[in-house]
1. Among the residues of the range A:94-137, count how many are within 10 Å of another protein chain (Cβ to nearest Cβ) and surrounded by fewer than 16 Cβ atoms within 10 Å (Cβ to Cβ).
2. Counting just the residues of the range B:813-831 that are aliphatic (A, V, I, L, M) and facing chain A (nearest Cβ under 10 Å), which one comes out nearest to B:ASN731 (Cα to Cα)?
3. With respect to the numbered conditions (1) surrounded by fewer than 23 Cβ atoms within 10 Å (Cβ to Cβ); (2) without any contact (Cβ under 8 Å) to a residue 24 or more places away in the chain; (3) facing chain B (nearest Cβ under 9 Å), which one is the sole condition not fulfilled by A:ALA397?
4. What number of residues in the range A:294-325 are among the basic types (Lys, Arg) and under 13 Å from A:THR388 (Cα atoms)?
5. Mind listing whichever residues of the range B:977-994 are more than 14 Å from chain A (Cβ to nearest Cβ) and either in contact with a helix residue (DSSP H, G or I) (Cβ under 7 Å, 6 or more places away or on another chain) or at pLDDT 95 or above (or both)?
6. For the condition closer than 19 Å to B:TYR436 by Cα, outside any strand (DSSP E or B), free of Cβ contacts under 8 Å to residues at least 40 places away in the same chain and not aromatic (Phe, Trp, Tyr), what is the one hit in B:GLY690, B:GLY695?
7. Can you tell me how many residues in the range A:400-433 are part of a loop (DSSP other than H, G, I, E, B) and within 30 Å of A:ILE184 (Cβ to Cβ)?
8. When both residues are 6+ apart or on different chains and their Cβ atoms are under 6 Å apart, which pairs have a first residue that lies in the range A:58-83 and is facing chain B (nearest Cβ under 8 Å) and under 29 Å from B:ARG915 (Cα atoms), and a second that is assigned to a loop (DSSP other than H, G, I, E, B) and among the acidic types (Asp, Glu)?
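The values are calculated or read from the model by the stated rules, or taken from the named source; none is laboratory data. Source: prediction; values computed, not measured. Neighbour counts are summed over all protein chains in view; Cβ atoms, including those assigned to glycine, are modelled from backbone coordinates with ideal geometry.
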Amino acid sequence: MIQREPLVTGNKTYQDISNDICSVVETKPGTGWWKIFFVAKGGFLIHLITIFIICAVGMGLQAVSHPIGWGTDIITFVFWVGIGHAGTLISAILFLFRQKWRTGINRAAEAMTIFAVMVAGLFPLIHTGRPWLAFWLIPYPNQRGPLWVNFRSPLLWDVFAVSTYLTVSLVFWYVGMVPDIATIRDRAKNKVRKLIYGVMSLGWRGTNRDWQHYESAYLILAGLATPLVLSVHSIVSFDFAVSMLPGWHTTIFPPYFVAGAIFSGFAMVVTLMVLIRIAFPHMKHYVTVNHLEVMNKIIMTTGMMVGYAYASEFFIAWYSGVEYEKYAFINRAFGPMWWSYWIMATCNVIIPQVFWFKAARRSIPIMFVVSIFVNIGMWFERFVITVTSLHRDFLPANWGPFKMTLYDFGLLIGSFGMFFTLFLIFIRVLPMVAMSEVKPMLKVGKEKNHHGGH
Amino acid sequence: MEDQTFTNSTYWKSIDEKYQNEGWRKVAENEFKNSPYSEFLNGTNRRDFLKLMGASIALASTSCVRRPVDHIVPYANRPPEVTPGIANYYASTYAHAGQGFGTIVKTREGRPIKMEGNPSHPMNQGGLSAMAQAQVLSVYDPDRIKNPAKQNENGEFEKISWDDLDEQVHKQLRSGGVVLLTSSLASPTTEMAIKDFFTGFNGRHVVWEPLAADDVMNGQEASYGQRVVPRYRFDKAKMVVSVGCDFFGTWISPIEHMRDFMKGRKLNSNMNKLVVFEPSMTLTGANADTRLMVRASHQVSVVMGLLYEIIVKQKASRYASDGQVLAALKKFENVAAEIGVEADLMSAIAKDLWANRGASIVVAGGLAGRTENAIALQIATNFLNTVLENDGQTIDATNIPVKSFEGSYAAMKSLIADMNAGRVKTLIINNVNPVYALAKKFGFEEALSKVQMVIYMGQHVDETARFAHYLAPDHHHLENWGDLELQKGVYSIQQPTIRPMYDTRSMQLSMISWAYQAEVGPARLKDVDSWLDYLKNAWKQKQSEVGSIGPFDVFWTNFLKEGVVDTSNRNGKRNHGGTTRKFLLSSLNKITKSKSDGTELVLFASIGQYDGSYANLSWLQELPDPVTKIVWDSYLMMSPEKAKELGVTDGHIVEIKTSSDVVSVPAFVQPGMHKDVVALAVGLGRTSVGAVGDGIGVNGFTLVQNQSGEPVFSAIPVTISKTGQERELANSQGHHWMEGRQIVVQATIKDYLKKADANIHKHKVFSIWPKYEYKGYRWAMSIDLTTCTGCSACVIACQSENNIPSVGRRFVIEGREMHWMRIDRYYVGDEKDPQVVFQPMLCQHCENAPCETVCPVLATTHSDEGLNQMTYNRCVGTRYCSNNCPYKVRRFNWFAYDTIKKPLNLALNPDVTVRSRGVMEKCTFCVQRIHVAKDNAKDENRTVKDGEIKTACQESCPTQAITFGNLNDPESRISKEHAQENSYGVLEEYNTVPMVKYRTKVRNTEHLASDHQEGGHS
């Protein structure tokens, strides 16, 4: 019988796993971490300052104008929500399908999801003209009339979709982390640490009963999270698909958006994992090249799916016979913003094709570069959809240009700053690999020199 | 204005407390006897009242910002004429440098807030130009002169009292050599007062304005021996030929011309026809049935060529055998080839003209006609009209001619000569700005230094005021009494609608005061208490003259009420064309062929800026030019060929060099320009008008050539060169071709008569949902693209009515302009010689409004009367509605536009919410007007009558292209308009069911077969 390649390499014992993973949380960060953290925090600060100025002065500081009502904010929102897909997909869907390779990366991927959705969730708020009243989008009995929300508006569906997704992902992530937090608590050497992790581990004792409850809860949550992976980006795509704008009004959008989201999410996971492997060399045993190769296969597959969507949009635009639709797509590829379309097509469809080669799939530098390109390409995909459709619509008199301002760049860069700040804090305070899930992957008892126990 | 550092309120207090003396107070208090605010003089004064109103406006307008309110006082002592919340309307008149309109001024709680056209005024008949409508803003202009002042050694204006000013001025005046320089006043009583003034003081009155119509007068004098500006009767003309004359845009009386012209624009075989020969693209040319591009220097040849066709080729008219005429025409045998017009087309036009003799008009003039050969153009045009027997039919010079244009450059020339010779000791300048509008080479500025005392009466410390020794600020016309006679026998009254904002004094009262103090002049001038008394005394004499009998008070009250006494229309006199005059054939000797080679510059007056006087009004600066759609800038219009030759595109700065001047300005590629013609607007490049207007664009007047005192505005030989610099132009329209879409549908009259819905591609649309049943009213609009000229009066009407902010050049470039009503202008056909179509675009109030379904907070909803409503308070500003609006008519408040510089906030309409930052807004169909009408109807227990509600755009429209009303009433005009076969909705195939429908643009190109672009929408 051909043995599968082991999911954890380096002949790790249970003790090794606990030590390897908890050490990141238990030791003081080195100068490298601090340097990266300050860069990320600088970005986060830019984010906060930009948001503050925009809220104080007005939306007009950004490139959005007449006729382009949505710009960087919505593009970046969809971009981050898309990235937020990979985590839950890895932990929930792959869990249900018993894909064991997920265990090395699921924790970090879920954390990425949470932070990506948090970063994304800010944008719909910032992009409103009066963000201090954005809570009016939430339906609850109120004293404003009472005024109710418009359930026909896709933006409202968006509010539900994203907030539900964030909540379920957060609970799922946290529940999965409870046994690991308990491990950290048990290893803690000072009282404060013990207290904090003790509270966070919700009284976990590792009894049989605990495990039984835990595993059924985890399964149920996985079952709950699975449809959300598909629904959230479908609903985000409704923001566009339900409108009547040529280039937006497209039935292919839900599957196309979900594929794109998985595509970009996996690319982001690859980017992060490669960086973690560089920063914490002992992580190479848990996040192996095998893991990365599997993800690269998914990136290539979903990349071709979005490529198919791009092609089919053009076909339908021609086949529909609607002159506005036709013009919108010709304008995308050959209009004044042709460059954005071709950046998108190159990054998303052409570059991932290198993964046909096994050497490329397993090459850390190549996959890192490709994953960055995919991230760039997916940002441009949303740019193409949002901006190039709006800038030339029905009445030519309305047509207008889109020129990004410093504030747009501030938000875009700042969103990365916020994301990395959160992620860097995460790897220092919570176990970035699911110890309790990785340990069963060891072939304990089948190999000679194990030390046993944990 | 460095000297006016004190605040308004302390200023007013100090005037009352410190400088008040018996005589002054008497005069000032009596000046506004009929003012609705005179009651305040005892208790609350108007200023306090305005302050209170200002506070409540601030409250009403800033719903989201909490501001401390110092004091609120109930409106306890209410004057009988004023009911809070109810608008008062006063008939008045507005005239500026010859162009005048009967107006109705809407006031609320003592503030003029809206100008409407006076429907009973025979000239504009309810229509009103953009410039006139912006006057409610100009009265509140924060940069107005606020007090009399004297210039000190440092060149600063120091505040002085009227008493001090009068003391020094009246002594100076007694030494003689007085000249009063004004623009055309058109006011019989003011002119009488000026005459009286000059019986007391030794001197004379000089009338000049930069856009004078003296070329027309000179031509009339040479041709007929009568110095007159005739009344052009476009309503009588079935065939109109304009040679470079923008009579729809800025020439003589454009509102009247448009209205009259459209009376003949009926969709039948009798439809009138407009042929325009022009060097650059103007509003008139854009509306032409057939437009032909000619060099500016070829305009004389065009007219003579038409004469040649009629007299020599067709041997028509009684001049066909006149040797003198034939000799004059000989040189113009082959003009069609020379000027680059198809010979067949030329003879077709001539044939049509001859066929419609007595019912045609040929017009030439305006700035484009003021070439070196301007007099020849006028004489040739007059002769053509005489040949066509139009004189005395469609051209009325004897019955009811235009009285409002009096200014002339000849008068200015003699004034400058007098000044240079030291014959002018005191120069009083009223509301004209020669230092700005007269190029330095005319020598006015230099001559000014030879005048002992210069007194400036105007609104702003402008370029001319800077040279004045004294500022004696005149009232704004909305603050002053007056009368006007714009056309012979058409008398109208100018009523003040607000007490003077500042310590200003009317020019007439200044003259009265000076005559009184110097104790000179006739008793009727020096012994009246106020200008109003003088005016009334004059009208007491005139009452019988205008055919009114009965007590004066009754006559006067009616005059004020109606705003107009029209003696021109007694016994249908107005409809009579006057008598046919004898044409002096000797004048034909003055006609020479102009030289033409190289590039020619044509200066033109734009609709927004006209002569530059109102450069400080943001509304007009931000009014997209009807043709170019550019705002807030000067630009050199040039043909695509010329631009290619120079290697420039939009925004590349080019240098214009004439024989004496150099100006640098961004280029703008304008389809439809003659390839050898470039055009630049005058009226910009002000340097001393105020915070808004200073430094916008370049001053085109500096390029005017001096032909021994006569100005040359057109066919100026220039060389254009590229500088390599760039400046982005603020164009409010993104793209100028329809890309084959069905947006504006055009048809020829031939096609229309065959099939009324010609060229409309109809779509079959269906819905699976049942339609909503509108039970009560259902409001809808129709816009007739045939009669819409694109003049843009509606844009300003909407802006004024609905408190729409201006955003400035930078933000127009960024696409943040706020106009609810915009005029889309598209080109059809060839880029070098396109047809032009206009389409007013506003909220379409779709029955299936795409904006409504996508708003997450229900801020935009549909009323049960079919209105698409916007609830500002509810809006959080997602802008989803705007994205989903296929017409993109929604406007977003990108910044806080509700902070308005005082006292401009007084121009706000209190019936319309001022929108805060971050909310969406759009056309409401003037819902506030609908509510007033419905309330009135309810009080009288009836339903709203058809035509009772007029939207602001509809009301101002000179050609009545807009119809509004209740679609549920089958008898209403709107129902009939919507039922017309050539009525269509834009983007109907999307089943938005727009409640605004357009009627196709129909052009009459009959007989002009060689016209190459007919119909279609490409």
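1. Of the residues in that region, 2 qualify.
2. At the first step, the residues of the range B:813-831 found to be aliphatic (A, V, I, L, M) are B:813, B:818, B:821, B:823, B:828.
Applying the additional criterion that residues be facing chain A (nearest Cβ under 10 Å) yields B:813, B:818, B:823.
On the way: B:ILE813: 7, B:MET818: 14, B:ILE823: 13 Å.
Result: B:ILE813.
3. Going through (1) surrounded by fewer than 23 Cβ atoms within 10 Å (Cβ to Cβ); (2) without any contact (Cβ under 8 Å) to a residue 24 or more places away in the chain; (3) facing chain B (nearest Cβ under 9 Å) one by one, A:ALA397 breaks only (1).
4. Filtering the range A:294-325 down to residues among the basic types (Lys, Arg) leaves A:297.
When the remaining residues are screened for being under 13 Å from A:THR388 (Cα atoms), the result is none.
Residues flagged as among the basic types (Lys, Arg) and under 13 Å from A:THR388 (Cα atoms) within the range A:294-325 amount to 0.
5. Kept after step one, since they are more than 14 Å from chain A (Cβ to nearest Cβ), are these residues of the range B:977-994: B:977-984.
Within the range B:977-994, B:ASN982, B:SER983 meet the criteria.
6. Working: B:GLY690 fails: free of Cβ contacts under 8 Å to residues at least 40 places away in the same chain.
Among B:GLY690, B:GLY695, only B:GLY695 is closer than 19 Å to B:TYR436 by Cα, outside any strand (DSSP E or B), free of Cβ contacts under 8 Å to residues at least 40 places away in the same chain and not aromatic (Phe, Trp, Tyr).
7. Kept after step one, since they are part of a loop (DSSP other than H, G, I, E, B), are these residues of the range A:400-433: A:400-405, A:430-433.
Adding the requirement that they be within 30 Å of A:ILE184 (Cβ to Cβ) leaves A:430-433.
Residues meeting the conditions: 4.
8. Close Cβ pairs satisfying both conditions: A:SER65/B:GLU814.
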